[in-house]
Amino acid sequence: MKIAVVGTGYVGLVTGTCFAESGNHVTCIDIDQAKIARLNAGEIPIYEPGLSELVQQNREAERLDFTTDLAGGMKDAALVFLAVGTPPAADGSADLTSLWKVVDDLAKHLSAKTIVVTKSTVPVGTNAGIFRRLKERTGRDCDVVSNPEFLKEGAAIEDFMKPDRVVVGVRRPEVGEVMRELYAPFLRTEKPFIVMSPESAEMTKYVANALLSTKISFINEVANLCERMQADINDVRRGIGHDSRIGFAFLFPGVGYGGSCFPKDVRALASMAKSVGLEPTILNAVDEVNTRQKSVVPDKIEKHFGGQLAGRTVAIWGLAFKPRTDDIREAPALTLIDRLLAGGAKVQVHDPEALENVRSQYGEKLSYFEQPYGALEGADVLAIMTEWKQFVQPDFALMRKLMKSPIIFDGRNLYSTSQMKAAGFAYHSVGRASVV
Ligand SMILES: NC(=O)c1ccc[n+]([C@@H]2O[C@H](COP(=O)([O-])OP(=O)(O)OC[C@H]3O[C@@H](n4cnc5c(N)ncnc54)[C@H](O)[C@@H]3O)[C@@H](O)[C@H]2O)c1
């Protein structure tokens, strides 16, 4: 099939590349000229494991190309995927400005047979709205499919190639069959292809993200409670996780969730509830607990210094909102950086992939280190904000030598308390007694 993907970000680039890999001819379109120029020069604008090789192979096979020209890019396409950003508006609802702009632009070039597929996460009713808008602009009924994406940054290729399920929301069964054919190469292990209405598909995406966020806020709230009641959240986790009704997934205490999806999707779902007169009590609490959780490490560090951050040097390991990505959108590390800078501390940061993104936001206000140990030199304390594998078994003796004082605030519970006691560190983690 010939496919166009509009919006070549984390989702659009992976989607386009994986569809090319399964034999389709894909054109990825974006308004960002610099991004398209880099892609055409063989550079990948984001860090996503395995993506670079796959893009290169499919470009060489002439199944994948990149353009800023919407009309040319979608010419003869059987399917046009919309994968533009839907960031949060000031009131928490999803900002659909980019999406409507694309819909209006593509209406001018849409052939009668082309199916429009919405991959962006959009509020319930948006696909119906796209249908109406296209009808107004083209004068005919167009097929509009909701096809929410469930990939995780850091494992996006694997998730796209081997999805747990594919969800499509369609009005006509024939259109569902086209989508089934497209996804068939990715569903060879009998994973389900689930067909429903566009409204249910749109809702499915928000409910999935809201439930995952709820698990994180829940475990964070009880972790804070454990810490004050001499219970150990790791033991409690083991105690509950073996219950087959509960399990272990997504019940890791930490510094709160970040990224471009969970925070905005929880708020957007809450905003949808309010728009129909329902009070989103749980969703509001999930968001509130998460906002508070992002302050737990900053609060502890400030308290450690008696409220006086000025003149202190704080090292931070991990800036991306999670490992294996360079994405720093709503990353908890940024909340810490902001607090430290506001208090006058010197901040020395390291991340394996996100340094450039952080540098473009903070410039010379921070000291950047390509290597984790470099960031420790002269540091009063170390804060660990992302659980990169590289940080799991560090050289503690070297760390002690480099730091002014051996003190770690671990927002990801990477080490055992007994290990840290033996290594001679003061160690403050989440939901466990501190080693002092
Ligand atoms: N990032 C994820 O892990 C993830 C996972 C599942 C779903 N989603 C959803 O997918 C959508 C895209 O997310 P993302 O993280 O890929 O966003 P992104 O910001 O990385 O990419 C969006 C791209 O769209 C482009 N764009 C904006 N306006 C355009 C226009 N008029 N024409 C062409 N291109 C335009 C931007 O330049 C950008 O490159 C969002 O709705 C998001 O909620 C994201």
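Worth pointing out:
- Cβ separations smaller than 9 Å between residues 6+ apart or across chains give the following pairs from the stretch 6-17 residues that are part of a loop (DSSP other than H, G, I, E, B) to residues that are crowded, with 24+ Cβ neighbours inside 10 Å and not hydrophobic (A, V, I, L, M, F, W, C): Gly7/Asp30; Gly7/Ser120; Thr8/Gly16; Thr8/Asp30; Gly9/Asp30.
- Restricting attention to the stretch 67-99, the residues that are farther than 17 Å from Gly125 by Cβ and open to solvent by less than 50 Å² (accessible area, probe 1.4 Å) total 14.
- Pairs linking a residue in the stretch 72-84 that is more than 9 Å from the ligand (Cβ to nearest atom) to a residue that is of a type outside the set (Gly, Ala, Ser) and in a loop (DSSP other than H, G, I, E, B), with Cβ atoms under 6 Å and 6 or more positions apart or on different chains, are Met74/His109; Ala77/Thr114; Ala78/Met1; Val80/Met74; Val80/Thr114; Phe81/Lys119.
- Condition check for Gly169: within 26 Å of the chain's Cα centre (by Cα), small (Gly, Ala, Ser) and closer than 26 Å to Ala94 by Cβ: yes
- The criterion of being more than 16 Å from the ligand (Cβ to nearest atom) and open to solvent by less than 70 Å² (accessible area, probe 1.4 Å) holds for Ser200.
- Flag: Lys2 does not match the condition of being closer than 29 Å to Gly176 by Cβ, open to solvent by 50 Å² or more (accessible area, probe 1.4 Å) and within 16 Å of the ligand (Cβ to nearest atom).
- Test for Glu177: is it assigned to a helix (DSSP H, G or I), open to solvent by 70 Å² or more (accessible area, probe 1.4 Å), within 16 Å of the ligand (Cβ to nearest atom) and farther than 24 Å from Ala433 by Cα: no
- Out of Phe160, Phe186, sole residue that is crowded, with 18+ Cβ neighbours inside 10 Å, touching a strand residue (DSSP E or B) at 6+ places or on another chain (Cβ under 9 Å) and aromatic (Phe, Trp, Tyr): Phe186
- Yes/no for Gly42 being open to solvent by 20 Å² or more (accessible area, probe 1.4 Å), more than 16 Å from the ligand (Cβ to nearest atom), closer than 22 Å to Val175 by Cα and touching a Lys or Arg at 6+ places or on another chain (Cβ under 9 Å): no
- Restricting attention to the stretch 330-346, the residues that are outside any helix (DSSP H, G or I), of a type in the set (A, V, I, L, M, F, W, C) and closer than 16 Å to Asp380 by Cβ total 1.
- Residue ranges of strands (runs of 3 or more DSSP E) in the stretch 42-153 with at least 1 members of a type in the set (Ser, Thr, Tyr): 64-67, 115-118, 144-146
- Some residue of the stretch 166-185 being of a type outside the set (A, V, I, L, M), in contact (Cβ under 8 Å) with a residue 12 or more places away in the chain, closer than 22 Å to Glu21 by Cβ and touching a Ser or Thr at 6+ places or on another chain (Cβ under 6 Å): yes
The values are calculated or read from the model by the stated rules, or taken from the named source; none is laboratory data. Just so it is clear, the structure is predicted and the values come from calculations on it, not from any experiment. Positions of Cβ are generated from backbone atoms using ideal geometry, with glycine treated the same way; all protein chains shown enter the neighbour counts. Quick note on the areas: whole protein, heavy atoms, side chains included, nothing else; ligands and nucleic acids left out. Shrake-Rupley method; radii C 1.70, N 1.55, O 1.52, S 1.80 Å.
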